[in-house]
1. Can you pull out the residues in the range 249-264 that are assigned to a helix (DSSP H, G or I) and touching a strand residue (DSSP E or B) at 6+ places or on another chain (Cβ under 7 Å)?
2. Do the conditions hold for residue 310, that is, is it of a type outside the set (A, V, I, L, M, F, W, C), assigned to a strand (DSSP E or B), more than 23 Å from residue 228 (Cα to Cα) and out of contact with any Lys or Arg (no Cβ under 7 Å at 6 or more places or on another chain)?
3. Just the residues that are surrounded by 15 or more Cβ atoms within 10 Å (Cβ to Cβ), more than 25 Å from the chain's Cα centre (by Cα) and without any contact (Cβ under 8 Å) to a residue 60 or more places away in the chain, please, taken from the range 116-137.
4. Mind listing whichever residues of the range 66-108 are part of a loop (DSSP other than H, G, I, E, B), under 22 Å from residue 54 (Cβ atoms) and under 23 Å from the mean Cα position of the chain (by Cα)?
5. Say whether the condition of being in a strand (DSSP E or B), more than 23 Å from residue 328 (Cα to Cα) and under 18 Å from the mean Cα position of the chain (by Cα) is met by at least one residue in the range 165-182.
6. In the set 249, 224, which member is under 24 Å from the mean Cα position of the chain (by Cα), more than 22 Å from residue 93 (Cα to Cα) and not aromatic (Phe, Trp, Tyr)?
7. Does the range 71-90 contain at least one residue that is under 20 Å from residue 327 (Cα atoms), crowded, with 24+ Cβ neighbours inside 10 Å and of a type outside the set (Ser, Thr, Tyr)?
8. Which one of these is open to solvent by 60 Å² or more (accessible area, probe 1.4 Å), closer than 29 Å to residue 194 by Cβ and either polar (S, T, N, Q) or without any contact (Cβ under 8 Å) to a residue 60 or more places away in the chain (or both): 303, 221, 310?
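The values are calculated or read from the model by the stated rules, or taken from the named source; none is laboratory data. Quantities reported herein were computed from a predicted structural model and do not represent experimental measurements. Positions of Cβ are generated from backbone atoms using ideal geometry, with glycine treated the same way; all protein chains shown enter the neighbour counts. The protein model used for the area step is the full one, side chains on, heavy atoms only, and it has no ligands, DNA or RNA in it. Shrake-Rupley method; radii C 1.70, N 1.55, O 1.52, S 1.80 Å.
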Amino acid sequence: MSLKVAVIGAGIVGCLTAIKLKESGYDVTIIDKNEIGKESSWAGAGILFPLMPWEYEPRVFELCISAANFYKKFSLKLFKITGIDSEFIESGLLCIDPPNKENILNWVKNNNLNINECSFSNLPSYLFPSVTQIRPPRLMKAIRLFMQEIGINIRENTNLIKPKKESDSIKSWPTTENEKIKADIFVITSGAWTSNLVNDYEDIIYPVRGQMIQYKKIEVNIKHVLYSDDFYVLQRKDGVILAGSTVEHVGFDKNTDKTALNELMKKTSILIPELKGIMPKNHWAGIRPGSKGNIPVIKKAENYENIFINSGHYRYGLTMAPKSAEELYKVISESIG
């Protein structure tokens, strides 16, 4: 009989972890307090590359390096099964007038990547032609259908609470409705909400708000993802334009505000003058799982034998999810023998 795994948190990290475990022979249930992929995974831009990776520890790019190849194949698989186009685009990323240009060139050389030196609005820039993007809301919708297709049990709108520590192994997890979720193994992929479920992670994984804006289609073609001074603009297949994002330490407050809106619009109009004075069609906020250095926790939980953590991917959950799922699977396999 297959071991039962409960994956708690159904963002992109949780979903890919659940899929990896299901395809490896486990009986998998995925649980979320909301709907599948409706928190930070839905809110993000979908750039499959760590912004300014030369400023991070090597571990960040190590977790991100396989993302483009994974999603290129996976999006085709999802389209074949679900009919939903996740809009994987090989758009490239244009890094405009970056500081520390020597660091960039050294990092590119050390990682065997190709870049093209060019200019944007008479500013020295670097084009990373291999950078790709995907459309998270459509991706998550397709993944939900795919998980149903392969037999993953889905439980949405189910709130869990911290279990009482009675032994080194937990057999069931309590909900706010006094129900018990039974499993042999529990995997926490709850992002910013991880510390609400297990102790000792309050200062390791924490909420960081990010606000974004979206413009309706106009007569402009943005060929690449444009990135400048920790701000990006990109265009989807249907012509809509996204721009973002803020980094705000305000707890779990998902409200948007006019100050951020004005700042995002100002930065957008610098990169795309055609958008100056045009109000965005949409403005939203998501809660990222902040972590030191953008490095997630992928390990067995402290003081428990059958609880595992795969959380804290900060700004790169989508990009790190494929590799993180592989690593978490190995951790579980080695732990249970």
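1. Within the range 249-264, the subset assigned to a helix (DSSP H, G or I) is 258-264.
260, 261, 264, listed by residue number.
2. Yes, satisfied.
3. The answer is 125, and nothing else.
4. Step one: list which residues in the range 66-108 are part of a loop (DSSP other than H, G, I, E, B), which gives 66, 83-88, 90-92, 97-100.
With the extra rule that they be under 22 Å from residue 54 (Cβ atoms), the set shrinks to 66, 90-92, 97-100.
Those that are part of a loop (DSSP other than H, G, I, E, B), under 22 Å from residue 54 (Cβ atoms) and under 23 Å from the mean Cα position of the chain (by Cα): 66, 90, 91, 92.
5. The initial filter retains those residues of the range 165-182 that are in a strand (DSSP E or B), namely 172-175, 180-182.
The next check asks that each one be more than 23 Å from residue 328 (Cα to Cα); those that pass are 174-175, 180.
Filter once more, so that each one left must be under 18 Å from the mean Cα position of the chain (by Cα): none.
No, the range 165-182 contains no residue that is in a strand (DSSP E or B), more than 23 Å from residue 328 (Cα to Cα) and under 18 Å from the mean Cα position of the chain (by Cα).
6. Working: 224 fails: more than 22 Å from residue 93 (Cα to Cα).
Going through 249, 224 in turn, just one is under 24 Å from the mean Cα position of the chain (by Cα), more than 22 Å from residue 93 (Cα to Cα) and not aromatic (Phe, Trp, Tyr): 249.
7. For the range 71-90, residues under 20 Å from residue 327 (Cα atoms), crowded, with 24+ Cβ neighbours inside 10 Å and of a type outside the set (Ser, Thr, Tyr): absent.
8. On the way: 221 fails: closer than 29 Å to residue 194 by Cβ; 310 fails: open to solvent by 60 Å² or more (accessible area, probe 1.4 Å).
Residue meeting the stated conditions: 303.
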